[in-house]
Amino acid sequence: MIKSTLIISTYEWPDALNLVLKSLLVQSRKPDEVIIADDGSTVETKRLIDSFKKKTSLNIYHIWQEDKGFRKAKILNKAIIKSTGKYLIQIDGDCIMHRHFIRDHMSLAKNNCFLFGSRVNIKQEYLVTLFKKEQINFTLFSKGIKKRTRALYIPLFSETYKAKAKFSKKYRGCNTSYFKNDALKVNGYNEDFEGWGREDSEFALRLINSGVNSRRIRYKGIVFHIYHYEKPKNKLEENNHIEYQTITLKKNWCENGINKYLSENK
């Protein structure tokens with residue numbers, strides 16, 4: 001059986017992370033380890049994680065870096081290096097997992113392929129109720145969600161989606177999985193990305209350019225995304241340019257990537 005690592009990226013929202021971790025406890029198949037990739041949260045997040053560790057026998061690691069703005073690419077690279085799983089499943093710290101989420105990703109894990117799944121949006125006006133109830137279970141008919149057809153859980157229907165050698169605009173880094181070796185092959189995430197935007201899609205583009213296929217998961221592998229205000233997009237133009245270069249030059253490698261940590265660990 002393939003060893004799996006769940007990577008959860010987070011920044012300064014312990015109430016949301018609490019629900020994500022609660023959804024981890026009820027998974028029908030647990031990951032072999034969990035790495036929380038923390039882009040500079042304060043001590044409240046650490047307290048939550050330390051408390052959660054006492055509730056489970058899962059191997060949970062908290063990787064933290066100083067808050068110097070949005071540096072998700074950097075903290076994800078550090079998490080990938082730390083991981084001991086052969087297969088990595090990646091979500092954000094505001095995405096509550098369907099109870100079969102880990103099982104679903106692992107059921108479709110195949111060499112030379114990465115996966116990306118759907119997210120159901122939880123509405124802003126439902127947040128008070130969500131956090132008061134600490135709700136982690138949702139169905140097609142649940143209150144407080146939109147794009148609710150994405151909540152349809154029909155695993156058989158998922159078989160109609162096949163692996164393709166092209167990028168999909170439906171790709172989201174908050175619900176994806178891939179083999180660790182494939183991430184290392186393209187030098188992980190590009191740390192030239194600072195500020196919100198494109199660090200996840202550019203990573204997926206380089207995987208495809210390196211010969212790794214993509215497969216969409218639909219009707220299984222679902223997450224429920226908690227509404228939040230959009231992050232500042234002051235770096236988006238620069239980030240768009242980096243991604244444009246990857247597309248036009250068909251890059252499968254980034255210079256400012258994960259290999260620096262490989263050297264440090266030798």
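Nothing in this text is a laboratory measurement; each read-out follows from the coordinates by a stated rule. Since this is a predicted model, take the numbers as computed values, not measurements. Every residue, glycine as well, gets a Cβ built from its backbone with ideal geometry; the counts of neighbours run over all protein chains shown.
Take 205-217, 189-201 and order them by the average number of nearby Cβ atoms within 10 Å per residue, most first; the result is 189-201, 205-217.
Report, in listed order, any pair from K68/K147; K78/K220; K22/K143 with a Cα-Cα distance greater than 25 Å.
On the way: K68/K147 34 Å; K78/K220 29 Å; K22/K143 19 Å.
Those over the limit are K68/K147; K78/K220.
Taking the Cα centroid of region 149-207 and of region 1-68, what is the distance between the two, rounded to the nearest whole Å? Cα centres, region 149-207 to region 1-68: 21 Å. Measure up K82/K233; K82/K110; K30/K231; K72/K251; K162/K260; K53/K86 against 25 Å on the Cα-Cα distance and list the ones that go over. In this structure, K82/K233; K30/K231; K162/K260 lie more than 25 Å apart at Cα.
For the residues K74, K169, K22, a GNM of the chain with alpha-carbon springs under 10 Å puts the largest fluctuation on K169. Under the classification rounded if a/c is under 1.5, otherwise prolate if a/b is larger than b/c and oblate if not, where does region 129-266 fall, given a ≥ b ≥ c as square roots of the Cα gyration tensor eigenvalues? Prolate, since a/c reaches 1.5 and a/b exceeds b/c. Charge tally around Y219: other residues with Cβ under 10 Å, Lys/Arg +1 each, Asp/Glu -1 each, net +1. Farthest toward the positive end of the dipole of region 75-230, out of N121, L108, Y171, is the Cα of L108, where the dipole comes from beta carbon charges about the Cα centre.
Report the normalised scattering of region 196-261 as log10 I(q)/I(0) at q = 0.15, 0.17, 0.22, 0.27 Å⁻¹, calculated by the Debye formula with identical scatterers on the alpha carbons. Log-scaled intensity ratios, in q order: -0.67, -0.82, -1.05, -1.13.
Need one number for region 4-264: average projected area of the convex hull over its C-alpha atoms, nm². Numbers along the way, then the final one.
Working: hull surface 52.9 nm².
Dividing the Cα hull surface by four gives the mean projection, 13.2 nm².
Using +1 on the beta carbon of Lys and Arg, -1 on that of Asp and Glu, and nothing else charged, what's the dipole of the chain about the Cα centre, debye to 20? Don't skip to the answer; put the middle values down first.
Details: 49 positive and 29 negative charges, 254 e Å.
That gives the chain a dipole magnitude of about 1220 debye.
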